[in-house]
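Notes to accompany the following structure.
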Amino acid sequence: MPESQFKGEVMWPRLVANKLLRRPLFSSSFVGDFPGPYDHSLSGNELISSDTGFTEELQTHKLFASTWNVGGIPPNDDLNLEDWLDTKNNYDIYVIGFQEVVPLSAKNVLGSEKHGISMKWSSLIRKTLNKCSNNGDKCSTSFGCIVSKHMVGILVSVWLKEKLLPFTHHPSVSCVGVGIMGCLGNKGSVSVRFLLHETSFCVVCCHLASGEKEGDGMHRNSNAMEIFSRTRFPSGPSPDLPRKINDHERVILLGDLNYRISLPEDETRCLVYQKKWDSLLENDQLKVEIEGGAFEGWHEGAINFSPTYKYYSNSDAYYGSLQGLKTKKKRAPAWCDRILWHGSGFNEIAYDRCESKHSDHRPVRATFNVEVDVLTNSNSSDQTLFLSGRPDRIPYKLRDLLLDDHHHCDDDDDDDDSVIN
């Protein structure tokens, strides 16, 4: 085998050692359409005058969030995503998380990241969101990707309407592996931070431990606590930027969380076929954790749809339900794929699933009206100039200075960048 091929596919000396030893890597390693303008920080000479007339107001934006375990199956070039992405509705922000964009083989877990499949998914999303209604005409609404990042099989991307891009800043990522040996990326999270106007957002895309055996639920809880503990964003140019997941004002956590229903398999299947969701949800492991466990303080919308896992390939039949077909492992139906939120400013509109048969999971999506803080200057433009003559954009946390006549900075001794394990 040529040396270059070996290094590209395995890379034990550098890549795996970094993962095992939890060495920090640069958090700026992500893909975005316009990476340059977002991370601009205010320097002292850009504030021409502090005699201001700034006021704070709330804007509401429509946000679409979805998670999909695609089972390591690459998308066809003609895969239609319009129904899943609900393009008929007028959303301002799309938050999209995938799991298993590549098979979780040893080669993919231990080797170097391969971007081909994640780029293909992103290309299909871009094509779908920016599809024009009239042939040849310029799209009335276009979307840009501010962050796209993947780790092994986990892929997360954030898309905003073009009109919001100038007000989006300080994007960053943090990846945490909690899989093999507690640190490899076959399981774990990819988290994204960004600020829209004056409001901080965090998106956490997770793939937690699988299994239905006794103790597997505790393993998932341990994964979640590791992700909450180890996710860390860089402070960047401003000490006020949120570093930890729950430091952010608006947080969305989505993914294949893998929590199961704590009932015998036959009883679970019977209740699923009868669509007795309340009886099933009383025994849903994640609901228990939300009420007073690993996810206490988090919120989830009402579940009024069928369990999203596990299906036969290209079928509406749950795995193990067809007589005469041998199955490798028993898998009772479960709501493995979930979307949670943390913090104020969320008003959930809908929570449902889609019916794509692309994999053994069904995608889940949630839509919200989300509030965003905006600072506006009521004075004339000669009073204050920001960002080299752009008075419409005011950097994060200057509201303390402008509205309260003081600037508060949190003390933080941590100088680690976000950790990619």
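Quick notes on this structure:
- Any chance residue 356 is open to solvent by 30 Å² or more (accessible area, probe 1.4 Å), more than 15 Å from residue 63 (Cβ to Cβ), among the polar types (S, T, N, Q) and part of a loop (DSSP other than H, G, I, E, B): yes
- Any chance residue 174 is modelled with pLDDT of 95 or more and farther than 30 Å from residue 374 by Cα: no
- Residue within the stretch 298-310 that is free of Cβ contacts under 8 Å to residues at least 12 places away in the same chain and of a type outside the set (Val, Ile, Thr) present: no
- Taking helices (runs of 4 or more DSSP H) as the structural unit, those lying wholly within the stretch 69-173 and holding at least 2 residues that are open to solvent by 30 Å² or more (accessible area, probe 1.4 Å) and either without any contact (Cβ under 8 Å) to a residue 24 or more places away in the chain or in contact with a Gly (Cβ under 8 Å, 6 or more places away or on another chain) (or both) correspond to 106-110, 116-129.
- Check on residue 189, of a type in the set (Ser, Thr, Tyr), surrounded by fewer than 21 Cβ atoms within 10 Å (Cβ to Cβ), closer than 30 Å to residue 330 by Cβ and touching a helix residue (DSSP H, G or I) at 6+ places or on another chain (Cβ under 9 Å): no
- Some residue of the stretch 212-219 being within 19 Å of the chain's Cα centre (by Cα) and open to solvent by less than 20 Å² (accessible area, probe 1.4 Å): no
- Whichever residue in the stretch 300-337 is among the hydrophobic types (A, V, I, L, M, F, W, C) and in contact with a Pro (Cβ under 9 Å, 6 or more places away or on another chain) and, among such residues, is modelled with the lowest pLDDT: 332
The values are calculated or read from the model by the stated rules, or taken from the named source; none is laboratory data. Every value quoted in this text rests on a predicted model; they were computed, and no experiment measured them. Don't worry about glycine lacking a Cβ; one is built from the backbone with ideal geometry, like all the others, and counts go over all protein chains shown. Surface accessibility is based on the protein's heavy atoms, side chains included, excluding ligands, DNA and RNA. Shrake-Rupley method; radii C 1.70, N 1.55, O 1.52, S 1.80 Å.
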